[in-house]
Structures are given as C-alpha cells and as structure tokens.
Amino acid sequence: MSCALPAFAAADAAEPAPPFAVLMELTHRCPLRCPYCSNPVALDPASAELDTATWKRVLDEAADVGALQVHFSGGEPCVRKDLEELVAHATDAGLYSNLITSAVLLDPPRLARLQAAGLQHVQISLQDSEAAGADRVGGFRGGHAKKLEVARAVVAQGLALTINAVLHRHNIERVNDVIDLALDLGAGRIEIANVQYYGWALANRAALMPSREQLLAMDAAVRARLPELAGRIVVDYVVPDYYARRPKSCMGGWARRFMNINPRGRVLPCHAAETIPGLEFETVHDRSLSAIWRDGPAFVRYRGTHWMPEPCQSCDHKEEDWGGCRCQALALAGSADDADPVCERSPFHAEVAEVRDRDAAALGTDWTYRGL
Amino acid sequence: MNAVTPAIAPDPAPAIAETDRLRLAPGVMLRNDRRRDQWMLMGPERLLVLDDMALAVVRACVGPEVADVGAGIDRLTVEYDAARAEVAADVLELLTDLRNKGYLVR
C-alpha cells in the first residue's frame, strides 16, 4: 500500500510530460513595496498587461497542455478587477486555482465571490510576526493587521490557507512566533521562506542577508519543532541557498513542472528567467502553450541533463537537483550554463560564502523599496 | 541578539485511530486525471498520486458518509478477504501519513 509523488516528466524525452502547473503573473502592480520582491527590477506597467479575453484563452491552453493547477500571482493579483472572472474560467477549464496574495486588498465579500468562482486555496505572505516590523518591510501601514483579518476569513470560509513567511536578517529570530501565528490562524501549511536573492532581493542582499549565527539558530529551532508540528500544519522548509551545500531543485527542474507567464504574456520557464541573456522567449501571442512547452527554445535550453557541464554531468544527484538554479548560476558564477555555485562541488562555491559573509556583516537596513 | 524566541509547544498530534472520523482537508479533492490515467489527491500547490490500494482506503475511510475509520477497515477486510489486524495496521499507517501530509483532517 503506497502513495507516490508524481514523476510525470521523463528526462530529455522528445515529447516532454505535461507541466504540473502554470503560474500566471496577472500584474506587477502591488500596494506593498517589499525590498525582497521576486519580480524583475524592470516591472511591467499596467498598460502592458494582457486583457481578460487573452488570459482566458491562456487558461484554456493551460488545460490543453495538461497542467492541473493554476497559480494566480503577481505582483498583487487582486488589483485585477477580472480576478473572479478568471478563476471561474479556470474552474470551467478543469484547473485547480491557487491565489498567491498579499491579502491587503481582499475582504470577506470578495473572498466569497472568489470561492463561488471555484477558488480552492489562498496563500498569504507575512512580512513578520509583529505589525511594526511587517509594515516597515512591506512599506504599507496597517498591512499586517489586514492580512491577519483576511487569513481568518479564508479559514472561516473553508478555503485552504497557506502562510508564506519570508525570513531575513531583521525577523529571522522570530521564526517560532511566525509558526505560532500560522497555527493560531488555522493555516494548513506554512512555507518558511528564507529570502531568495533574485530581482529586488539581489539588489538589497547586503541589507537582508542573515548571519551564520542567526541562520544556525533558526535552523535548529525549526528542526526541533518539526516532530510536534507533524499532523498539525504542513511545513515547507528549505535551507537558504547561500548557506546550503547542495542546490535546490529549482522549479522542480527547468521546464519539467512549471510554466510562468508574465503580465505582458511572455512565457518563461521560471519567473526570473528573463535575467538570463541570450535566451529567446515567446509570448502567448506567438504560439500555444503546448507548442512552447514542447520545443520553445528557452524551455528546451536547460530541460533535462543534455546541457549540463561538469561537475553536474557525472554527478549522482543530477536527476534530483537538475543542476540547481540557472539564474543563480548566472548571478554568482557569471554564466547560466554553469553548475549552481550553491553546490559544494562547484568551483565557485567558495565565492558564495565570501559574498554571503560580506553581505551578512553589512550593518543597517538601507534597502531600496521596490517601486513601480 | 541571535536567540530565537521560544516556541509555544503543543502536544504531538496523535496517530489516526479507528474511532476517528476523517474528511478531506480544506482545498483537497479526489480527482481522476484522464490524460495521465491516474487518481490523485489534489491540494494546495500539490498533488499526490494514489495507487489502487490507497484509493480504496481513501474511498472506504474518508468522508461524511463513513461512520468512522474502523467501519472503513471492516469494509476493506471483507472486500480484500484479509486478516483484519493486518488491514487495520496498514490502513492506520497510510491515513496517518496522509493526515501528516495535509490531505486529511479529523
């Protein structure tokens, strides 16, 4: 008697197995200004966003390519007045809908409309366990209190709630308080999300990087709690990249599990892929998602293992971590074709530690808020 | 400055028992995906593919129409013509695992 996690994708197959989910960044607009935002530093303006009819066609194409879930994301997806209409369309297409939100624009009536349209799950980001720190990071007064109010409404309405708790130098000591808060809110799941340094976070790395001591204390606290949390709340926890010895399986492997569509309709293997020079991206106006998934040049480029250099090519873990993160290889090793230097086998691994220790030793909170 | 604030420690969640009544967790649904010809539990940003036995256990033991887990074990014992104690051990282990992964709640 067993359950198995899906292994839909076959490596280097001519016809790749379908993606699990399509992430739709409906907009880059957001009322919050978190300095670790994963959106690109060059944000798409509202005037560039796909219209309702096009997003609906793309939802149909997501079902056609075999995706099972859609993640409505952003920016803040709730700035789109057509969100209910898009969720309803996803439901009609047979897709499972997740909403990835800051929650500050939500209220119980709109939640009820979204639920009626078929929404199943709401993921709410928290910037801290306390309002003062949270509102300072988000740059939005009253945001934290609003988030808690909406989170309780999500649970009261019978929707699934995930808390996404973003940790960095200024709140990492409160990891237990954040977990307690998620339990108190009735969340089914918590993502203990140490900041990943892409986009705005990369620009603000020296203001956010935790110290080694902070990291070790947080890691010990989380691991000590995992047994008592089993059966109460699902914990998604990954050691932050810059302190890890092995890279994460970014996106579950390039072009293996996810497609990402940005506000202007560009189809990406991951939300940060546009940082990689020389990759050719198509848009939803060029070809169908099925065609792009099958042989779009950016998707084929790093799918599977054919592209791997050493030390990946001869590594036993190459079909577990798929070489780690291409954007991180670019940011830290200088080329997206290299092994993710988070891996201790990378020749650039020592430099990751150097950058990390230098940024962690920087004092102050002189970050640049994200803007549009 | 590096001390993590202490946790409020709850008691460990007990394993699933025969007297429990279980339902799918919020946001979880049992679905058949025709393209992949697989039954799965679909949940928030995740899914779990069920083999035939796991599917039979979920159908027998989960949902408002099931009196309790023990009633589901009775049914499976008859259906599979197996020793009840063995069925019960396997079923409770599977259901506890599914609960811990967030797919089921009491």
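The values are calculated or read from the model by the stated rules, or taken from the named source; none is laboratory data. This structure is a prediction, so every number in the text was calculated from the model and none was measured. Ideal geometry is used to build each Cβ from the backbone, glycine not excepted, and the neighbour counts take in all protein chains shown. These accessible areas exclude ligands, DNA and RNA; they are computed on the full protein's heavy atoms, side chains included. Shrake-Rupley method; radii C 1.70, N 1.55, O 1.52, S 1.80 Å.
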Task: For chain A: relative contact order, % (alpha-carbon pairs under 8 angstrom, 6 or more apart) - done: 19
Open item on the list: Modelling each spin label as a point 7 Å along the Cα-to-Cβ direction, I'd like the B:Arg35/A:Thr283 distance in nm, to one decimal.
Closed with: 2.5
- [ ] Describe numerically, in nm with one decimal, the distance between label points set 7 Å from Cα along Cα→Cβ at B:Asp90 and at A:Ala116.
- [x] 4.6
Task: Listing of segment A:141-169 residues, each with accessible area lower by at least 10 Å² in the full protein assembly than in the chain alone (probe 1.4 Å) - done: A:Gly158, A:Ala160
TODO: Specify whether the C-alpha gyration tensor of chain A places it in the rounded, prolate or oblate class, a ≥ b ≥ c being the square roots of the eigenvalues: rounded for a/c under 1.5, otherwise prolate if a/b is larger than b/c and oblate if not.
DONE: rounded
- [ ] Estimate the FRET efficiency between A:Ala132 and A:Ala220 by the formula 1/(1 + (r/R0)^6), using the beta-carbon distance for r and 22 Å for R0, to the nearest 0.05.
- [x] 0.25
Open item on the list: Quick one: 3J(HN,Hα) in Hz for segment A:157-163, Karplus 6.51/-1.76/1.60 with θ = phi - 60°, rounded, Gly and Pro as x.
Closed with: 7, x, 8, 6, 10, 10, 9
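Relative contact order (percent) for segment B:23-105, with alpha-carbon contacts under 8 angstrom and 6 or more residues of separation?
27
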Open item on the list: Once the cut-off is 21 Å, how many percent of the Cα-Cα pairs in chain B end up in the long-distance tail?
Closed with: 41
TODO: Return the value, in Å² to the nearest 100, of accessible area buried between chains A and B (probe 1.4 Å, both sides summed).
DONE: 3500
TODO: Report, in debye and to the nearest 20, how large the dipole of segment B:23-105 comes out about its Cα centre when Lys and Arg carry +1 and Asp and Glu carry -1 on their Cβ.
DONE: 460
Task: With DNA, RNA and ligands ignored, accessible area of A:Glu310 (1.4 Å probe; Å², nearest 10) - done: 110
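Please calculate how many Å² of accessible area segment A:262-372 carries per residue, with a 1.4 Å probe and no DNA, RNA or ligand atoms counted.
So segment A:262-372 comes to 45 Å² accessible per residue, rounded to a whole number.
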Task: Sites matching trypsin sites (Lys or Arg not before Pro) across segment A:207-263 that sit in DSSP coil, with at most 10 neighbouring C-beta atoms within 10 Å - done: A:Arg245
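Over the protein assembly as shown, what percent of the accessible surface lies on carbon and sulfur atoms, probe 1.4 Å? Write down the numbers at each step before the final one.
Numbers: 10240 of 19430 Å².
Carbon with sulfur: 53 percent of the solvent-accessible area.
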TODO: List the lysines whose Cα lies under 21 Å from the Cα of A:Lys56, skipping any in the same chain that are fewer than 8 positions away.
DONE: A:Lys81
Open item on the list: Taking each residue in A:232-238, count the Cβ atoms of any other chain within 10 Å of its Cβ, then average. What number comes out?
Closed with: 3
Open item on the list: Taking 25 Å as R0, compute the FRET efficiency from the Cβ-Cβ separation of B:Met53 and A:Asp236 and round it to 0.05.
Closed with: 0.40
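To the nearest whole number, what is the average tally of beta carbon atoms from other chains within 10 Å of the beta carbons of peptide A:220-229?
Values: counts 1, 5, 2, 0, 3, 3, 0, 2, 6, 5.
The shielding value for this peptide is 3.
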